[in-house]
Amino acid sequence: SETTVTYDTKHVDTNADFDNSNYTFTAPVTGIYKVAVGVVLDLGTTPNTHVKNGYVAVTASNRSIKLDQNAHFTNDSDRITLGGSCLIDMDASDTLTAVVLFLRNSGTGTAVLLNNESCFLSINLVR
């Protein structure tokens, strides 16, 4: 099942539109927003794990958009990076979260969603 991405640290949030207690962005005004998201998963200890389907998605009040939906292989550290960007139409007070899902085809271990410098969520009002 999908897991909400936990962005614990805010670097820039001039309007306080992102709530890092529930990892939710609330649109302050109606408009078109550009959303960019990146996550890193650590899938355990087996290098080159085959993930038969994995994606990161943005889930808003009015729709969900899957980004980077493909089969992947992890690197030698058994990590996988997923990310992408999209434009999304939001009304004032609509909410948005980032979620991740992966279906393992090989390898073992517990997946950990890393919260490091490679993980980000950027939301900008375009118009």
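The values are calculated or read from the model by the stated rules, or taken from the named source; none is laboratory data. In this text the structure is predicted, and so the values were computed from the model without any measurement. Positions of Cβ are generated from backbone atoms using ideal geometry, with glycine treated the same way; all protein chains shown enter the neighbour counts. Keep in mind that these areas ignore ligands, DNA and RNA; they rest on the heavy atoms of the full protein, side chains included. Shrake-Rupley method; radii C 1.70, N 1.55, O 1.52, S 1.80 Å.
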Next item on the list: For the stretch 90-119, name all the residues that are charged (D, E, K, R) and at pLDDT below 95.
Entry: Arg104, Glu117
Note to self: So the check is Cβ under 8 Å with 6+ separation or different chains; which pairs have a first residue in the stretch 48-62 that's within 30 Å of Pro28 (Cα to Cα) and a second one that's modelled with pLDDT of 85 or more and hydroxyl-bearing (Ser, Thr, Tyr)?
What the structure shows: Ala57/Ser64; Val58/Ser64; Val58/Thr97; Thr59/Thr97; Ala60/Thr95; Ser61/Thr95
Margin query: Checking Ser122 against (1) surrounded by 15 or more Cβ atoms within 10 Å (Cβ to Cβ); (2) modelled with pLDDT of 90 or more, only one condition comes out false. Which one?
Written below: (1)
Next item on the list: Consider only pairs whose beta carbons are under 7 Å apart and that are at least six residues apart or on different chains; among these, list those whose first residue lies in the stretch 93-108 and is over 20 Å from Thr74 (Cβ atoms) and whose second residue is modelled with pLDDT under 65 and in a strand (DSSP E or B).
Entry: none
Next item on the list: Scan the stretch 1-46 residue by residue and report those that are of a type in the set (S, T, N, Q) and in contact with a strand residue (DSSP E or B) (Cβ under 9 Å, 6 or more places away or on another chain).
Entry: Ser1, Thr3, Thr4, Thr6, Asn22, Thr24, Thr26, Thr30
Notebook entry, point to check: Within the stretch 10-45, can you find the residues that are within 21 Å of Asp89 (Cα to Cα), open to solvent by 50 Å² or more (accessible area, probe 1.4 Å) and among the small types (Gly, Ala, Ser)?
Noted result: Ala16
Next item on the list: Exactly one condition in (1) at pLDDT below 90; (2) assigned to a loop (DSSP other than H, G, I, E, B); (3) open to solvent by 30 Å² or more (accessible area, probe 1.4 Å) is not met by Tyr7; state its number.
Entry: (3)
